[in-house]
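Peer 1: Once you've had a glance at the structure underneath, I'll fire off some questions.
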Amino acid sequence: MMIDQDNDGDNVTASADTAGANDASVNKPPGNTAPNSFIAIKEVNVMSRGRTLRLQAADIIIAINGEAFHGTIEELLDELDEADPEEGFLMSLWREGIIFSVVVRGPLGCVFEYASPEDAEKASQEWSRYAMPPLDDFVMYEVLKDIHRKCDIIDTRTDPLGYLMPPFWLIQKQLWEPLVALIMIYLVTFSVHWIMFVITAIILAVYFSRAQTALLRSFALYKEKQMWLILAATSEKEVQLFCRHFDPKCDSKGSQVGPPKEDEEKPRKKRRRSSVPG
């Protein structure tokens with residue numbers, strides 16, 4: 001049985017898979033009461049929250065807020081519909097032998113099905129070995145990557161340095177163009193009147209307290225990077241490990257996981273010289 005949930009969570013349609021007994025046994029476990037049964041993503045709709053979170057087909061949902069989830073698809077849809085649009089909840093998934101988490105704030109806009117017994121068993125074994133950190137330790141990170149596999153990892157938390165001392169925050173983040181613009185604004189307003197300078201400084205401090213993530217994201221896009229992953233993790237190093245697992249050749253500034261895997265050089269073939277009869 002597959003259930004398709006649209007992005008708004010308003011329309012839910014169910015369709016039975018009658019292609020064969022094997023499909024039915026995989027998609028409809030009796031009562032879904034098996035201790036190692038899980039729900040998998042079958043399809044991610046184009047315009048959906050799941051697409052924004054960079055979820056993929058075959059991702060297996062294994063836990064909600066740190067607790068293993070063995071419920072039915074209907075129960076999962078209820079959880080998604082009841083998610084707080086501001087706080088959301090932590091959803092842990094299994095993909096390609098690794099467990100990662102995202103923050104979900106509503107319906108995902110995905111098609112769900114029950115995972116096959118083989119994949120469910122693999123995910124269950126990984127989850128049993130996984131040490132779940134406290135929920136308060138998780139932070140949302142955005143990862144943008146370019147065609148050369150260079151990554152920018154954005155911590156979405158508000159950095160106090162950004163609004164207390166915006167120039168130093170821009171230097172720390174190596175945002176040189178906004179730094180030059182900011183200094184020019186300071187100089188111009190101070191040359192007009194010191195009160196105007198103070199008012200401008202306060203307005204800019206408010207801006208940098210609210211728009212840090214948007215500013216970092218926009219300049220990553222300006223450098224021809226594209227959104228790749230959105231993860232909840234306990235540290236930037238953990239995010240780098242996830243990125244390296246999904247793409248062994250990716251790299252990021254200030255890497256804490258070593259250099260990426262390099263391509264092995266293939267031996268060059270010697271060209272045979274053709275002999276011309278004299």
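Peer 1: Taking only pairs six or more apart or across chains, which ones have beta-carbon atoms under 7 Å, a first residue in region 190-216 that is closer than 16 Å to residue 171 by Cα and in contact (Cβ under 8 Å) with a residue 60 or more places away in the chain, and a second residue that is open to solvent by 40 Å² or more (accessible area, probe 1.4 Å) and polar (S, T, N, Q)?
Peer 2: Within 7 Å, the pairs are 213/156.
Peer 1: Further question on the same structure: Can you go through 129, 157, 149 and tell me which one is of a type in the set (Lys, Arg) and in contact (Cβ under 8 Å) with a residue 40 or more places away in the chain? Can you show your working first?
Peer 2: Values: 129 fails: in contact (Cβ under 8 Å) with a residue 40 or more places away in the chain; 157 fails: in contact (Cβ under 8 Å) with a residue 40 or more places away in the chain.
Matching residue, one of 129, 157, 149: 149.
Peer 1: Specify the residue that is least open to solvent (accessible area, probe 1.4 Å); the eligible residues are those in region 49-93 that are closer than 16 Å to residue 114 by Cα, assigned to a loop (DSSP other than H, G, I, E, B) and out of contact with any strand residue (DSSP E or B) (no Cβ under 7 Å at 6 or more places or on another chain).
Peer 2: 71
Peer 1: Return only the number of the condition from (1) of a type in the set (Gly, Ala, Ser); (2) farther than 17 Å from residue 142 by Cβ; (3) in contact with a helix residue (DSSP H, G or I) (Cβ under 6 Å, 6 or more places away or on another chain) that residue 258 does not satisfy.
Peer 2: (3)
Peer 1: Name the residues in region 209-258 that are in a helix (DSSP H, G or I) and open to solvent by 60 Å² or more (accessible area, probe 1.4 Å), would you?
Peer 2: 210, 217, 221, 222, 236, 237, 241, 245
The values are calculated or read from the model by the stated rules, or taken from the named source; none is laboratory data. Source: prediction; values computed, not measured. Don't worry about glycine lacking a Cβ; one is built from the backbone with ideal geometry, like all the others, and counts go over all protein chains shown. What goes into the accessible areas is simple: the full protein's heavy atoms, side chains included, and nothing from ligands, DNA or RNA. Shrake-Rupley method; radii C 1.70, N 1.55, O 1.52, S 1.80 Å.
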